[in-house]
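Contents: one structure, followed by commentary.
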Amino acid sequence: MTSATIKSIESVQPTYPFEAYSHVISPLSQPEGGGFLITFPDLPGCMSDGATEIEAIANGRDAFLAWISARLDAGKEIPQPSYRPDSLPDVSGRFVTRLPKSVHAKLAERAKAEGVSLNTLVLTFVAEGLGRRAA
């Protein structure tokens with residue numbers, strides 16, 4: 001039997017403050033648990049949620065600091081704030097894709113096991129994948 005080691009990461013003072021980074025707040029449907037999701041386009045994989053928009057932002061501040069601290073602890077650079085909503089193409093934040101039934105079933109099982117909605121699980125996988133590519 002192996003014991004898990006938990007690494008303690010000290011909180012750091014970010015080079016750029018929370019307010020310098022654009023964030024996107026999206027409502028979550030009732031099947032997704034309701035409330036609001038906050039994501040940071042410049043910080044792949046950094047996200048949080050809350051029952052209200054204000055709570056999502058407060059939780060987003062914690063996620064932001066944890067993300068910055070963990071990234072610096074890993075010796076990785078912190079992306080500069082560069083997201084500007086006015087520079088984006090006209091996008092709605094929604095897209096539809098078809099999956100093989102077997103992949104859909106596996107995703108649904110995983111979401112149920114983790115206690116999250118299918119949309120939240122897929123969004124997390126996409127954000128994590130984008131984070132790996134950016135690193």
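Read-outs: derived from the displayed coordinates by stated rules, not from any lab. Predicted, not measured: the structure shown is a model, and the values here were computed from it. Reconstructed Cβ throughout: ideal geometry from the backbone, glycine too, with neighbour counts over all protein chains shown.
Beta carbons within 10 angstrom, averaged per residue: use that to sort the peptides 29-37, 60-68, 99-107, highest first.
Descending packing order for the listed peptides: 60-68, 29-37, 99-107.
Under a cut-off of 29 Å between alpha-carbon atoms, report the lysines in cross-link reach of Lys7, not counting same-chain residues fewer than 8 places apart.
Those lysines meeting the cut-off are Lys76, Lys112.
Which value, in Å³ per residue, describes the convex hull spanned by the Cα atoms of the chain?
Residue-normalised Cα hull volume stands at 162 Å³.
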